[in-house]
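Following: one structure in structure tokens, then a few remarks.
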Amino acid sequence: MISQNLSLRSWTRRAVVVIAVASATACSHTGVVGEAPKQASSRPNVLVILADDLGYSDIGAFGGEIPTPNLDRLASQGRLLTNHYVAPTCSPTRAMLMSGTDNHLAGLGTMEEALRGAPQLRGKPGYEGFLNDKVTLMPEALRRAGYHTYMAGKWHLGKEPDAYPAARGFESSFALLAGGGNHFGPVPGKPIIADRPTWVENTEKVTLPTGFYSSTAITDKLIGYIERNRADGKPFFAYAAYTAPHWPLHAPDEDIAKFKGKYDAGYEQIREARLARQKALGLLGPNVKPYSGIPPSKDFPSWDLLSPEDRAEEARKMEVYAAMVHNMDRNIGRLIDYLVKTGAYDNTLVVFQSDNGAEPSQSFIPNNANNDNRLENIGRPLSNVGYGARWAEVSAAPFRLFKGWTADGGIIAPAIVRMPAQTQALPPVTVPTHITDVAPTILDVAGVKATATAADGRPLLPMTGDSLTALLREPTAPRRFVERPVEGELFGGRFVRKGPWKLVSVLPPFGDNTWELYDVQKDRYENQNVAAQHPDVIKRLAEDWDSYAKRVGLIYTVESRMPDVRFKAPPNRGGGL
């Protein structure tokens, strides 16, 4: 059993000790380079760390039981953003991160994968399916201002050479072009469909080496890029776009072994334990009602409805997922420790977040005859599974639903920001922030103006987000952040968060895509739809959403939704090597 058996007081003591030990041993395990003087430049470095499909409550600082001492250490030196809005899926979020502007302006009005089934959107402005050339790009602005710009990890913003990271402002890049793929190198002679996605280094396609594991390789590449130019004293922007814990669930055996038996208690007990820790950490009020969960059914069974065989398989999936998160945290620690040892960390702005809510699918990538999804092979090479909707619901605690939907479980990401020279935590930022705010904030802290024109003289669209610098440096939120609306849309699901209200339309099978209304001051976690009681509020907020849609050139359709295969169990459970 995991830590649901601990008292809240003992868990709180344990969390404090873990963070203290992590801070005290910050430089204990890199061994990459020797000590070096601080960089000559007074301009801050920037490190952006993006996890892929990580749920809100998966890391320790947000209530998770998965050991994440390095992210917990970052939280102890920075500030949590507890209402940080993103898109419901990955590539629209990544477009907004790079551009600081709405995804419908930046080219990802819907995902490239969804455009294949939406001919009415193909070719329309803002629906190019890749990061277009009409928006200001943060890495380009930083590079023009004299920064080194590096990225390693998932790109998912264009598969053609003119859309590679190397063409969009990155001096050095090692990038997965697609949305997901094998976390290990391919097994010789036994390719699986998850091996198909392409990796490129700068402009050249690369073959993954033997012994490859995504989180380790991404970290190695990024450290190598920074180290290569460290002597010149120029500041850097480094983007660590981890592909963990995105399916297929893959982790080294030694990491998986650490979690054996830890999830045998099942979905409900693990989720209740996380909620208890969130209360102990002050992230969840003692009398606040979290989302009550999807009612049990054939498609969404509760733990007690599963057979012993199904329970064993479900527990194994979560063990592998936890191993991926734990491994990613260890690699994040390597990256931060490298910056500490080289004297760069004190003058570095660090932003950590996930790209969307937890992924509920069993895997979109189909299996073939080479897959081996037997229980004992889940998490190893040739396996291809996701962890499903019930574990995603655990990861999303205390919010409703998960990736793909505009309920807050799909569009609020865990986020941590550490300002340059910050050494102590400040109270969490509880007012709504948005992914489009990240680029303006980075440019503001770096003292760099957003690029207004392209290299050929064309005017570029301005960033639509706001700098959060004042918000991050003050204990209380400036009034404009309290009152500003946050809006979004994907696949036809819509939302407006403004003041005490959230207006949202939720796609099937969890809604009928009509407007729902929640009083988020009284019902933060969307348990009670009060639309019938407040038609005037719905009218006002719907008008706000219509204005937003017009402003960003949104073409409203529900036909661009991804294929609804996310809840189907993958075939080819048997097989073998």
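When segment 312-362 is filtered for residues that are among the hydroxyl-bearing types (Ser, Thr, Tyr) and either crowded, with 23+ Cβ neighbours inside 10 Å or in a helix (DSSP H, G or I) (or both), the ones remaining, listed by number, are Tyr321, Tyr338, Tyr345, Ser354, Ser361.
Residue-wise test of (1) out of contact with any strand residue (DSSP E or B) (no Cβ under 8 Å at 6 or more places or on another chain); (2) in a helix (DSSP H, G or I); (3) of a type in the set (S, T, N, Q).
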{"position": "Leu50", "(1), (2), (3)": "no, no, no"}
{"position": "Ile66", "(1), (2), (3)": "yes, no, no"}
{"position": "Leu71", "(1), (2), (3)": "no, yes, no"}
{"position": "Leu74", "(1), (2), (3)": "no, yes, no"}
{"position": "Leu80", "(1), (2), (3)": "no, no, no"}
{"position": "Pro88", "(1), (2), (3)": "no, no, no"}
{"position": "Pro92", "(1), (2), (3)": "no, yes, no"}
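No other residue among Ala114, Ala152, Ala118 is more than 28 Å from Thr219 (Cβ to Cβ), touching a residue at least 60 places away in the same chain (Cβ under 8 Å) and not in a loop (DSSP other than H, G, I, E, B) apart from Ala114. Restricting to segment 337-352, name every residue that is under 20 Å from Val438 (Cβ atoms) and touching a Ser or Thr at 6+ places or on another chain (Cβ under 9 Å). Passing the criteria: Leu339, Asn347, Leu349, Val351.
Which of (1) in contact (Cβ under 8 Å) with a residue 24 or more places away in the chain; (2) closer than 27 Å to Asn327 by Cβ; (3) surrounded by fewer than 19 Cβ atoms within 10 Å (Cβ to Cβ) is the odd one out, the single condition Glu160 does not satisfy? Single failed check for Glu160: (2).
Annotation: His29 fulfils all but one of (1) modelled with pLDDT of 95 or more; (2) over 22 Å from Asp408 (Cα atoms); (3) of a type outside the set (A, V, I, L, M); the unmet one is (1).
Can you tell me which of Arg458, Arg480, Arg484 is more than 23 Å from Ala87 (Cα to Cα) and surrounded by fewer than 20 Cβ atoms within 10 Å (Cβ to Cβ)? Being more than 23 Å from Ala87 (Cα to Cα) and surrounded by fewer than 20 Cβ atoms within 10 Å (Cβ to Cβ) holds for just one of Arg458, Arg480, Arg484, which is Arg458. Which one of these is touching a Leu at 6+ places or on another chain (Cβ under 6 Å) and hydroxyl-bearing (Ser, Thr, Tyr): Thr430, Thr451, Thr441? Among Thr430, Thr451, Thr441, only Thr441 is touching a Leu at 6+ places or on another chain (Cβ under 6 Å) and hydroxyl-bearing (Ser, Thr, Tyr).
Candidates in segment 139-156 are the residues that are small (Gly, Ala, Ser) and more than 16 Å from the chain's Cα centre (by Cα); of these, the one that is farthest from Pro440 (Cα to Cα) is Gly146. Of the residues making up segment 512-528, just one is assigned to a loop (DSSP other than H, G, I, E, B), crowded, with 16+ Cβ neighbours inside 10 Å and without any contact (Cβ under 8 Å) to a residue 24 or more places away in the chain, namely Val520. When segment 184-207 is filtered for residues that are assigned to a loop (DSSP other than H, G, I, E, B) and either among the hydrophobic types (A, V, I, L, M, F, W, C) or surrounded by fewer than 17 Cβ atoms within 10 Å (Cβ to Cβ) (or both), the ones remaining, listed by number, are Val187, Pro188, Gly189, Lys190, Pro191, Ile192, Arg196, Thr198, Asn202, Thr203, Thr207. Exactly one residue out of Thr203, Thr216, Thr207, Thr243 is closer than 20 Å to Ala178 by Cα, over 21 Å from the mean Cα position of the chain (by Cα) and modelled with pLDDT of 95 or more, and it is Thr203. A count restricted to segment 132-146 and to residues that are surrounded by fewer than 24 Cβ atoms within 10 Å (Cβ to Cβ), touching a residue at least 40 places away in the same chain (Cβ under 8 Å), assigned to a loop (DSSP other than H, G, I, E, B) and not aliphatic (A, V, I, L, M) stands at 3. Within segment 476-522, the residues that satisfy the criterion of being charged (D, E, K, R) and at pLDDT below 95 are Arg479, Arg480, Glu483, Arg484, Asp512, Lys522.
From the list Lys317, Lys298, which residue is modelled with pLDDT under 95 and of a type in the set (Lys, Arg)? First the steps, then the outcome.
Working: Lys317 fails: modelled with pLDDT under 95.
So the residue among Lys317, Lys298 that is modelled with pLDDT under 95 and of a type in the set (Lys, Arg) is Lys298.
Taken over segment 164-183, the criterion of being assigned to a loop (DSSP other than H, G, I, E, B) and buried (at least 23 other Cβ atoms within 10 Å of the Cβ) is satisfied by Arg168, Phe170, Gly181, Asn182, His183.
The values are calculated or read from the model by the stated rules, or taken from the named source; none is laboratory data. All values reported here derive from a predicted model rather than from experimental measurement. Reconstructed Cβ throughout: ideal geometry from the backbone, glycine too, with neighbour counts over all protein chains shown.
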